[in-house]
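Below you will find the structure I want to go over with you.
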Amino acid sequence: MKKVDLAARIAEKAGISKKAAKAAVDAFMETVTEALGKGEKVTLVGFGSFVVRQRAPRTARNPRTGAPIRVPAKKVPKFVPGAKLRKVVE
């Protein structure tokens, strides 16, 4: 499902226009992005949480030459599904 499809389904379920639903989806994505950029956790009870995790530095290998490559530590966004969402997907 693409963002346009998501907005269309939200519009249908909420009884609002597709334009308003697209604006809501865009606002949601922007708000979550800003919060994660500040290192905050976004929790939607029953659905899941968006968090920032620290990835440790590691050594990888160049697939062509086999030479070791140093991969630095970095922060990455992660989604942790809630209990209700996990049960639906099982």
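Bear in mind these aren't lab numbers, they're just calculated from the coordinates by the rules spelled out. It should be emphasised that the depicted structure is a prediction, and the values quoted were computed from it without experimental measurement. Heads up, the Cβs are rebuilt from the backbone with ideal geometry, glycines too, and the neighbour counts pull from every protein chain shown.
By how many nm would the segment from ALA83 to VAL32 grow when fully extended, if each residue of separation counts as 0.36 nm and the alpha-carbon distance is taken off?
Fully extending the segment from ALA83 to VAL32 adds 16.3 nm.
Starting from the stretch 11-78, pick out the GluC sites (Glu not before Pro) whose DSSP state is loop and whose Cβ has at most 15 other Cβ atoms within 10 Å.
Sparse-neighbourhood loop GluC sites (Glu not before Pro): GLU40.
Right, something else. Return one number: the angle in degrees, 0 to 90 and rounded to the nearest 10, between the long axis of the Cα atoms of helix 3-14 and the longest principal axis of the Cα atoms of the chain.
In the chain, helix 3-14 runs at an angle near 30 degrees to the longest axis.
List the extent of the Cα atoms of the stretch 1-40 along each of their three principal axes, largest first, rounded to whole Å.
Answer, in whole Å and largest first: 34, 18, 13 Å.
Does anyone have the angle between helix 18-37 and the longest principal axis of the chain? Alpha-carbon axes, 0 to 90°, nearest 10?
For helix 18-37, the angle is close to 30 degrees.
If you average the C-alpha positions of the stretch 9-32 and of the stretch 50-77 separately, how far apart do those two centres end up, in angstrom?
The distance from the Cα centre of the stretch 9-32 to that of the stretch 50-77 comes to 36 Å.
Please give the net charge around PRO81, taking every other residue with its beta carbon less than 13 angstrom from that of PRO81, where Lys and Arg add +1 and Asp and Glu add -1.
+3
What is the set of long-range amide H partners of GLY48 at a cut-off below 5 Å, with H atoms built 1.01 Å from backbone N?
Sorted by chain and number, the residues that satisfy this are GLY82.
With point charges of +1 on the Cβ of Lys and Arg and -1 on the Cβ of Asp and Glu, referenced to the Cα centre of the chain, which listed residue (GLY66, PHE79, GLY46) lies farthest in the positive direction of the dipole?
Going by the charge dipole, the pick is GLY66.
Using amide H atoms built in the peptide plane, which far-off residues or other-chain residues are under 5 Å from ILE16 H to H?
Residues meeting the amide H criterion: none.
Let me ask another. Checking a compactness column here: for the chain, what do you get for Rg(Cα) / (2.2 N^0.38 Å), N being the number of residues?
For the chain, the normalised Cα radius of gyration comes out at 1.52.
Scaled to the compact-protein estimate 2.2 N^0.38 Å, what is the alpha-carbon radius of gyration of the stretch 41-90, rounded to two decimal places?
1.72
Let me ask something else. Going through the stretch 33-67, which trypsin sites (Lys or Arg not before Pro) have at most 10 other Cβ atoms within 10 Å and a DSSP loop state?
Answer by residue number: LYS38, ARG64.
Sticking with this structure for a sec: Given Cα pairs under 8 Å that are at least 6 residues apart, what percent is the relative contact order of the stretch 11-90?
Taking the mean separation of contacting Cα pairs over the length of the stretch 11-90, I get 24 percent.
Going through the cross-link list LYS38/LYS74; LYS3/LYS78; LYS19/LYS84; LYS18/LYS84; LYS38/LYS78, which pairs have a Cα-Cα distance over 22 Å in this structure?
Check vs 22 Å cut-off fails for LYS19/LYS84; LYS18/LYS84.
With +1 on the Cβ of every Lys and Arg and -1 on the Cβ of every Asp and Glu, and nothing else charged, how large is the dipole of the chain about its Cα centre, in debye rounded to the nearest 20?
Dipole of the chain, to the nearest 20 debye: 480 debye.
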